[in-house]
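In what follows, a single structure is set out as structure tokens and then discussed.
What follows draws every value from the coordinates through simple rules; no lab data is involved. Note that the coordinates shown come from a computational prediction; the quantities given were computed from them, not determined experimentally. For neighbour counting, all protein chains shown are included, and Cβ atoms are generated from backbone atoms with ideal geometry for every residue, glycine included.
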There are 2 protein chains.
Amino acid sequence: MDIDKYKSQEGVLVAVDCIIFGFDGQQLQALLIKRGFEPEKGKWSLMGGFVNPDESTDDAAIRVLNQLTGMNNIYMEQLYCFSNVNRDAAGRVISIAYFALINIGDYSDQLQQDHEARWFPMDQIPNLIFDHQEMVAKAKERLQQKVANHPIGFELLPEKFTLPQLQNLYEAIYEQSLDKRNFTRKILALGILNKLNEKEKESSRKGAFYFVFDKNKYNKLQHEGLKFL
Amino acid sequence: MDIDKYKSQEGVLVAVDCIIFGFDGQQLQALLIKRGFEPEKGKWSLMGGFVNPDESTDDAAIRVLNQLTGMNNIYMEQLYCFSNVNRDAAGRVISIAYFALINIGDYSDQLQQDHEARWFPMDQIPNLIFDHQEMVAKAKERLQQKVANHPIGFELLPEKFTLPQLQNLYEAIYEQSLDKRNFTRKILALGILNKLNEKEKESSRKGAFYFVFDKNKYNKLQHEGLKFL
DNA sequence: ATAATAATTGTTATATATACACTTATTAAA
DNA sequence: TTTAATAAGTGTATATATAACAATTATTAT
């Protein structure tokens, strides 16, 4: 058979799609674009693109994310390969979905306009093309799982954040309210936050102290058993 | 742009590879084959194959698994997409890896000979082609995670199994020994096993009672919080 | 000075996880 | 038939983690 086995193959295209999560302080959001080409032109869609022959799917996802956000060094993780034969109306395309976490405050309005992009709260996602709805659903599940054991929630917040903000984030991700006292105790007991001598004063009279995530402290711990919630 | 966007794409082949796990009563094992074609002909490898234009990657993985084992209705789960540009020496191929759990006792020696296949204990995996070593490592990790919350370990055992056998399985997967009393109590407390009035007498004088997994009982529970270990 | 608002803090009860060793059933050998 | 050997089966006490619950404090606007 030799490498004829390779030559006789063809006909499947490979794409990537990105679920981009943000957090506005209250709700978990996803960044969607109006698709700019046929088929399904003008419909809401995840940002995506084909994988070039000279790049890995990771590279492709980073490129695609950068096209939409202008950002680099974003937290991103491969989610799943979607490959139903008829998932893309225009041809045989499999898509490797990725999800990314960005600080919504860093995202520029200009880019948003250039790409006809918009943030949607997770409970108000519009109809999406192809199987993108399924991708979003799976991304949310994965985020819920992952955030329970890994310190990735901070990627969705500004560098300085308050404990109430952090709690709001977890409540948004898990879609349930949490007890303030238990939450605070548990998070601080992890020993991975540094308290700043500075308060956020916008959302209350008393003000809430800022904290920052200390990656060094985290790395020194045994990563296996870290339970965030 | 239209669907020229599609037509201009090409050059990436799509394959699947299967990590097939078995359990011999003592050790977790993986089924490997001697690769029958170039490149890397004659080296140890995972079972794999190209994805046809008319099938999903799931379908391709099921087909590939069936080729090697003759079995159907096997537990299988998509693992990860491996896509480094130079991962396959003969061309630009991305591979969607799957892992499967089979009852080693159901696997026929005949098929094993036909395909030059062999079971290897997980701590004695030989050098594998391409990035298959990485795939095996990732599959093991995923199995460890998954088995902690989902009743998939039973896929690796005969329909009837004893508690010591089940404990051996978990010890093999986690690579650590467990306390007999705590293990038994915890597993039985889940309420998903039925005790048979029959003993396995090969491995001890006293004999150990057989149990079977009761899928109905499991389905009636709240699946979220089920902690096996 | 007072009212209003959200941040901050502690205790108790319950559930879960861990550590630990003797008794029992059975068969092969004496 | 007794005895020895082997692995199965079983209970309790302690430590840790989780869950439930409300009063006090800091600050600013009135």
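General observations
- Reduced Cα scattering model of region A:56-130, Debye log10 I(q)/I(0), q = 0.11, 0.12, 0.17, 0.18 Å⁻¹: -0.35, -0.42, -0.84, -0.94
- Calculated FRET value between B:LEU196 and A:LYS220, using beta carbons and R₀ = 51 Å, to 0.05: 0.55
- Taking the fewest neighbouring Cβ atoms within 10 Å as the starting point, the ordered list for A:HIS132, B:HIS150 is B:HIS150, A:HIS132.
- Sorting the segments A:163-176, B:88-101 by their mean number of nearby beta carbons within 10 angstrom, highest to lowest, gives B:88-101, A:163-176.
- Projecting the Cα atoms of B:SER45, B:ILE96, B:TYR80 onto the dipole axis of region B:1-140, where Lys and Arg carry +1 and Asp and Glu carry -1 at the beta carbon, places B:SER45 farthest toward the positive end.
- The mean number of Cβ atoms from other chains found within 10 Å of a Cβ in peptide A:43-50 is 1, as a whole number.
- Closest-to-axis residue of chain A (Cβ criterion, axis taking A to B), whole Å: A:CYS81, 2
- Summed residue charge, Cβ within 10 Å of A:TYR98's Cβ, Lys/Arg positive, Asp/Glu negative: -3
- Violating pairs (Cα-Cα greater than 30 angstrom) within the set A:LYS138/A:LYS227; A:LYS215/B:LYS180; A:LYS227/B:LYS160; B:LYS180/B:LYS217; A:LYS160/A:LYS227: A:LYS215/B:LYS180; A:LYS227/B:LYS160
- Scaling against 2.2 N^0.38 Å puts the C-alpha radius of gyration of chain A at 1.15.
- Placing a label point 7 Å from the Cα of B:VAL212 along the Cα-to-Cβ direction, the residues of region B:117-161 whose backbone N falls under 13 Å of that point are B:158-161.
- GluC sites (Glu not before Pro) within region A:192-229: DSSP coil, no more than 15 neighbouring Cβ in 10 Å: A:GLU202, A:GLU224
- For A:PHE228, label point 7 Å along C-beta direction: distances to other copies, nm: 2.5
- Rounded FRET efficiency, nearest 0.05, which uses the C-beta distance separating B:ARG205 from A:LYS146 and R0 of 56 Å: 0.70
- Degrees, to the nearest 10: A:57-69 long Cα axis against longest axis of chain A: 70
- Taken over region B:117-158, the convex hull of the Cα atoms encloses 91 Å³ per residue.
- Shielding by partners for peptide B:15-21, expressed as the average number of C-beta atoms from other protein chains within 10 Å of each residue's C-beta, is 1.
- Peptide-level mean, for B:52-58, of C-beta atoms on other protein chains within 10 Å: 5
- Using every pair of distinct Cα positions in region B:145-190, the Kirkwood expression returns a hydrodynamic radius of 11.0 angstrom.
- Position B:LYS180: other-copy label points at 5.2 nm, ordered by increasing distance, label point 7 Å along Cα→C-beta.
- Partners of A:LYS43 within straight-line reach, counting aspartates and glutamates whose Cα lies under 20 Å from its Cα and excluding those fewer than 8 residues away in the same chain: A:ASP17, A:ASP88, A:ASP114, A:GLU116, A:ASP123, A:ASP131, A:GLU134, B:ASP2, B:ASP4.
- Counting every alpha-carbon pair across region A:1-114, the share separated by more than 17 Å comes to 60%.
- Rg over Rh, two decimals, region A:100-229 (C-alpha only, Kirkwood Rh): 0.99
- The alpha-carbon positions of the protein assembly as shown define a convex hull whose volume is 172 Å³ per residue.
- When A:ILE152 is represented by a point 7 angstrom out along its Cα-to-C-beta vector, the spacings to that point in the other copies are 1.8 nm, nearest first.
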